[in-house]
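The numbers here are math on the coordinates, done by the rules we state, and not lab data. Just so we're clear, the structure is a prediction, and the values are computed from it rather than from any experiment. Here the Cβ positions follow ideal geometry from the backbone for every residue, glycine too, while neighbour counts run over all protein chains shown.
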Amino acid sequence: MGHKENMNNHSTTVETLTDSTFYAIAEKTLKAIELSLEEAFQATDLDLDISRQGGNVVNIQFADRSVIVVNTQAPLQEIWVAAKEGGFHYRWAGTLQTPLWLDTKTGAELFSELSRLASQQAKATLKVSYQA
């Protein structure tokens, strides 16, 4: 099966994650999503409700009551996103220095896709990024 090349030239070797490293990097990723959206919320008049459930789930609710759910799937070492547009699975493809999660079907990058999905549902431009 061919792996679709990502637009950005990611030529780094993927570092294998142990379970404990996965938990640490996944937590850092969820935190970055929360922080990005909280900053966007404060910088605009958007009505966003961001909440954490059970430690590994981030719920983002928009003014129109639509929701995006981001959660970690530890046994698969993936991050799953459920949005209005559908469900997406992201697999680790980076290094600890250069964190990278790519869609298992399209090769799209998690943060750019979350920015697109959140902007769609907020009906405003939102940027989700990794705060290293």
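For the range 20-132, what number of Lys pairs, 8 or more residues apart or on separate chains, have alpha-carbon atoms under 21 Å from each other?
Within the range 20-132, the lysine pair count is 5.
Taking 0.36 nm per intervening residue step and subtracting the Cα-Cα distance, what contour gain separates ALA43 from GLU85 on full extension?
Between ALA43 and GLU85, full extension yields 12.6 nm more.
With +1 on each Lys and Arg Cβ and -1 on each Asp and Glu Cβ, and nothing else charged, work out how big the dipole of the chain is about its Cα centre, in Debye to the nearest 20.
200
Considering the chain as a Gaussian network with a 10 Å cut-off on Cα pairs, which listed residue, ASP49, ASP19, ASP103, attains the greatest mean-square fluctuation?
ASP19
Taking the Cβ-Cβ separation of ALA63 and TYR23 as r and a Förster radius of 35 Å, what is the calculated FRET efficiency to the nearest 0.05?
So the FRET efficiency works out to roughly 0.60.
Have a look at GLN53, GLN121, GLN73 and tell me which one the Gaussian network model of the chain (Cα, springs below 10 Å) gives the largest fluctuation.
Greatest mean-square fluctuation among the candidates belongs to GLN53.
Select from ILE50, VAL70, SER20 the residue farthest towards the positive end of the dipole of the range 19-121; place +1 on Cβ of Lys and Arg, -1 on Cβ of Asp and Glu, and compute about the Cα centre.
Selected residue: SER20.
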